[in-house]
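For reference, the structure discussed in these notes is given below.
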Amino acid sequence: MTIFAGLGRTLAATLVASATFAGTVLAQDATEEQIQAARAAMNALDATAQFDSILPQIAERLKGTLIQSTPNYGDLINKTVDDEALALAPRRADLEREVANIYAKTFTIDELKAIADFYGSSAGKKLLQSGPLAAREVMKAADIWAAGISRDLAVNSDKKLEADIGAQKKAEGQQPQ
């Protein structure tokens, strides 16, 4: 069921990326009611949680790069980058607003309410939590099934072709092999 959680989060990421590359596609402004419904759906999906680590990861990479080039100033670099990262942290709300707008423009209010209701329910929460595990198991089962189908198709086709080719050669007066 964890796959479906991943699907919800992937949907959010896909919508954000789509908006970045095609921002003018969803040109109309969302109403406040649409935004509220979108935020409820986003909260139920925990749609933007995957982006929580972006700023800390960027800060850590920057600190590593700066310390590598000037190791004698490690403490100053760490403090400065951490302070600047904290100063930028409120900009996380910009992403939340953008995602809410994308959801509001992509789904109707009724759809957003249905999404929020389902993913806010115990079944929806379980789907988010267990969906990825279930999806991995489904993929394993499909791989095993496909391997069996492939084997049986090859074996059955080979037998049938041997019989048909043998019959055709016999009809033509050739010795079947």
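The values are calculated or read from the model by the stated rules, or taken from the named source; none is laboratory data. All values reported here derive from a predicted model rather than from experimental measurement. All Cβ positions, glycine included, derive from the backbone under ideal geometry; neighbour counts span all protein chains shown. Ligands, DNA and RNA are stripped out before the accessible areas are found, and what is left, the full protein with its side chains, is counted by its heavy atoms. Shrake-Rupley method; radii C 1.70, N 1.55, O 1.52, S 1.80 Å.
With the dipole of region 30-86 worked out from charges on the C-beta (+1 for Lys and Arg, -1 for Asp and Glu) around the Cα centre, which of PHE51, PRO71, ILE35 lies farthest toward the positive end?
Projecting each Cα onto the dipole axis, the largest value belongs to PRO71.
Taking the alpha-carbon centroid of each part, what is the distance from region 37-55 to region 82-161 in angstrom?
Between the Cα centre of region 37-55 and that of region 82-161, the gap is 14 Å.
May I have the convex hull volume per residue, in Å³, for the Cα set of region 26-177?
So the per-residue Cα hull volume is 300 Å³.
I need the P(r) histogram for region 57-97: all alpha carbon pairs, bin width 5 Å from 0 out to the longest distance, whole percents.
Answer for region 57-97: a P(r) of 5, 25, 25, 19, 11, 8, 5, 2, 0 percent.
TYR73 to ARG61: extension gain in nm, 0.36 nm per residue of separation minus the Cα-Cα distance?
Values: separation 12, 0.36 × 12 = 4.32 nm, distance 1.58 nm.
Computed gain between TYR73 and ARG61 is 2.7 nm.
Given a Förster distance of 45 Å, report the FRET efficiency between GLU32 and THR80 from their Cβ-Cβ distance, rounded to the nearest 0.05.
That gives a FRET efficiency of 0.70.
Under a cut-off of 24 Å between alpha-carbon atoms, report the lysines in cross-link reach of LYS169, not counting same-chain residues fewer than 8 places apart.
LYS159, LYS160
Whole-Hz Karplus ³J(HN,Hα) for region 154-165, in order, using 6.51 cos²θ - 1.76 cosθ + 1.60 and θ = phi - 60°, x for Gly and Pro?
Going residue by residue, I get 5, 5, 5, 5, 4, 4, 5, 5, 4, 5, 5, 5 Hz, with x marking Gly and Pro.
Given 0.36 nm per residue, what is the gain on full extension from ASP158 to GLU96 after removing their alpha carbon distance, in nm?
16.5 nm
Could you work out the relative contact order of region 51-177? I mean the mean sequence separation of Cα pairs under 8 Å and 6+ apart, divided by the number of residues, in percent. Mind showing how you got there, number by number?
Working: 27 pairs, mean separation 13.7, N = 127.
The value is 11 percent.
Give the ranking of LYS159, LYS140 by solvent-accessible surface, highest area first, calculated with a 1.4 Å probe.
If we order LYS159, LYS140 from most to least accessible, we get LYS159, LYS140.
When we measure straight from the Cα of LYS79, which lysines land under 27 angstrom away, once same-chain ones fewer than 8 places off are left out?
Within reach: LYS63.
Label 7 Å along Cα→Cβ of PHE51; region 94-111 residues with amide nitrogen under 12 Å?
Residues passing the 12 Å test: 94-103.
Mind checking which lysines have their C-alpha under 29 Å from LYS126, skipping anything on the same chain fewer than 8 residues away?
LYS105, LYS113, LYS140
Specify whether the C-alpha gyration tensor of region 69-140 places it in the rounded, prolate or oblate class, a ≥ b ≥ c being the square roots of the eigenvalues: rounded for a/c under 1.5, otherwise prolate if a/b is larger than b/c and oblate if not.
oblate
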